[in-house]
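I am attaching a structure below and will ask some questions about it afterwards.
Each reported figure results from applying straightforward, stated rules to the coordinates on display, with no laboratory input. Predicted, not measured: the structure shown is a model, and the values here were computed from it.
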Amino acid sequence: MLTNLALSLLALLSCGGGVVALAVVLTWQEHAATPDVRWRRLVYLVLPVTALVVGLILGSLTLVFRYWTPATAG
């Protein structure tokens, strides 16, 4: 039970870190000088980073659900 709690807190911290990473990337993208540079930053960095972070967050939440699911015999 203590292991489940520790792993759940670690997953929660990783989800929070992912949200912070997304905020940093989006802020950096919006501070570009021209719309063309903003578009290139969006396509080449923001979208791939967003896909990666969202995947990691969903994976973390899936693992947390599996930690707390009771084991079934069989």
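By how many degrees, between 0 and 90 and to the nearest 10, does the Cα long axis of helix 2-30 differ from the longest principal axis of the chain?
Between the helix axis and the principal axis of the chain, the angle is about 10 degrees.
Could you check which residue among V24, V49, V64 shows the biggest mean-square fluctuation in a GNM of the chain with a 10 Å Cα cutoff?
V24
L9 to L63: extension gain in nm, 0.36 nm per residue of separation minus the Cα-Cα distance? The partial results should precede the final answer.
Values: separation 54, 0.36 × 54 = 19.44 nm, distance 1.17 nm.
Gain on stretching L9 to L63: 18.3 nm.
I would also like to ask the following. How far, in nm, would the chain grow between L2 and A33 when pulled straight, counting 0.36 nm per residue and subtracting the alpha carbon separation? Working shown, then result.
Details: separation 31, 0.36 × 31 = 11.16 nm, distance 4.98 nm.
This chain segment gains 6.2 nm when fully extended.
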